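Structure record follows, encoded as structure tokens.
The values are calculated or read from the model by the stated rules, or taken from the named source; none is laboratory data. Just so it is clear, the structure is predicted and the values come from calculations on it, not from any experiment. With ideal geometry, Cβ positions are generated from the backbone for all residues, glycine too; neighbour counts draw on all protein chains shown. Keep in mind that these areas ignore ligands, DNA and RNA; they rest on the heavy atoms of the full protein, side chains included. Shrake-Rupley method; radii C 1.70, N 1.55, O 1.52, S 1.80 Å.
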Amino acid sequence: MNPVKVGLLGLGTVGGGTATVLKRNAQEITRRAGRGIKIDFIATLEPERAAELGVEDIRLTNDAYEVVNDPDIDIVVELIGGYSPAKELVLQALENGKHVITANKALIATQGAEIFAKAQQKGVMVAFEAAVAGGIPIIKALREGLAANKIEWVAGIINGTGNFILTEMRDKGRDFADVLKEAQALGYAEADPTFDVEGIDAAHKLSILSSIAFGIPLQFDKTYTEGISSITPEDVIYASELGYNIKHLGVARRTDEGIEQRVHPTLIPKRRLIANVDGVMNAVLVMGDAVGPTLYYGAGAGDEATASAVIADIIDVVRMLTTDPENRVPHLAFQPNELSDIPVLGMEAVETAYYLRMSAKNQAGVLAEVTRILGEGDISIEAFIQKEPKRDEQQVDIILLTHRVNEGDMNKAIKQIEALDVISGAVARIRVESLN
Ligand code: HSE
């Protein structure tokens, strides 16, 4: 049988990894897919990369439309990232009856509905395993392996760059900007690194996971998004003293009122496996009603790790080329006409525990004032630390851990605490998840 012909859009970190692994493991991959898989056409603005990667014998162009419009190409692999022209290229490829594989989480999270509708109309597949958690097959696990379960919640460290930065800051006391530069050099960071640092990349990925877990439409715009840029070295130390590690976590949880969909720095008890996921590694913890908790761990970014997911998708598509479109695994795990309109909750309706850090005057009665406000708000304190005043300073850091409370009530309490004369500056707040 003739090999399946792949058109590759982009020869950057992931594109390069895909070309390298497809070439190196060609034999194993053919044995699995039942047919050879051949990259036949590459669109890149850096033709010298082809020689670097040893794929200079493959047709090259600097016009990606030549690839998506080439009648010889069966599968288009979009690895250029970003919203545009990725969206136009993907839609054009689908229009031309080609299957599409993409690692583009921004595109799937924000334009997925339109892309999947087009794919369905044309009877072709869109696969996007590499869009979430790099090399970890979490989409496959949720969509297929856990298909028997009612998923209760998903919690994941799903941005490698952010996790790498937090880990290096904690372990080596390194400077934020310096670690970010290294992540960029290693090809982990997004083209716009604020996507990593401000949680946008994680929010893209979480909205995909949430949709697949609960059978709801993709709703990136409703994802509460907070990054890691406000985490201080003191918070990392204080959290550790209390028995927690700080991780940037995405949480999607089914509640009676709706779906919580949020990414933010989070204190996680050190005894949880996921609290010990360091560096560029990602992990996703999924709670299913039948299976209980399951944990998926692996490299969340990087050339060959992400290529592993891209190529698995290519193999999947090749295996399913002859299946009836109605009998394929639905893009979002649930049949398209079975998506539910259960609402995504606003953050004020979410309930979590909190870590609070405030700078207070070192004088009698301060704590009483703070605890009075919390008590009046029915917010129960779980742990408390007061630090020694720093040399020559009249201020002390007070750190509180609370029990679970509604975010709206916590916001009110924080406002009142910040208004106290004895408290200076803003109260730092980090959410706490026990994940049990
Ligand atoms: N910038 C992303 C990360 C790449 O650091 O996780 C993988 O999606």
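Observations
- Residue within region 181-203 that is over 23 Å from residue 142 (Cβ atoms), over 14 Å from the mean Cα position of the chain (by Cα) and buried (at least 22 other Cβ atoms within 10 Å of the Cβ) present: yes
- Residue pairs meeting the criteria (Cβ under 7 Å; at least 6 apart or on separate chains; first in the same structural domain as residue 401 (by TED's automatic domain parsing) and more than 11 Å from residue 389 (Cα to Cα), in region 359-377; second modelled with pLDDT of 95 or more and in a helix (DSSP H, G or I)): 370/417; 373/413; 373/416; 373/417; 374/413; 377/409; 377/412; 377/413
Conditions tested, residue by residue: (1) modelled with pLDDT under 95; (2) within 16 Å of the ligand (Cβ to nearest atom).
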{"residue": "106", "(1), (2)": "no, yes"}
{"residue": "114", "(1), (2)": "no, no"}
{"residue": "127", "(1), (2)": "no, yes"}
{"residue": "160", "(1), (2)": "no, yes"}
{"residue": "171", "(1), (2)": "yes, no"}
{"residue": "174", "(1), (2)": "yes, no"}
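- Filter result for residue 347 (open to solvent by less than 60 Å² (accessible area, probe 1.4 Å), at pLDDT below 95 and away from the ligand (no atom under 16 Å from the Cβ)): no
- Residue in region 328-345 that is more than 26 Å from residue 220 (Cα to Cα) and over 23 Å from the mean Cα position of the chain (by Cα) present: no
- Exactly one residue out of 187, 250 is modelled with pLDDT of 95 or more and within 16 Å of the ligand (Cβ to nearest atom): that is 250.
- Restricting attention to region 86-106, the residues being closer than 16 Å to residue 220 by Cβ and either of a type in the set (D, E, K, R) or open to solvent by 30 Å² or more (accessible area, probe 1.4 Å) (or both) number 2.
- The set of residues from region 71-80 being more than 16 Å from the ligand (Cβ to nearest atom) and surrounded by 19 or more Cβ atoms within 10 Å (Cβ to Cβ) comprises 73, 74, 75, 76.
- Test: residue in region 286-300 that is buried (at least 22 other Cβ atoms within 10 Å of the Cβ) and in a strand (DSSP E or B): yes
- Checking residue 83 against (1) assigned to a loop (DSSP other than H, G, I, E, B); (2) open to solvent by less than 10 Å² (accessible area, probe 1.4 Å), the condition it does not meet: (2)
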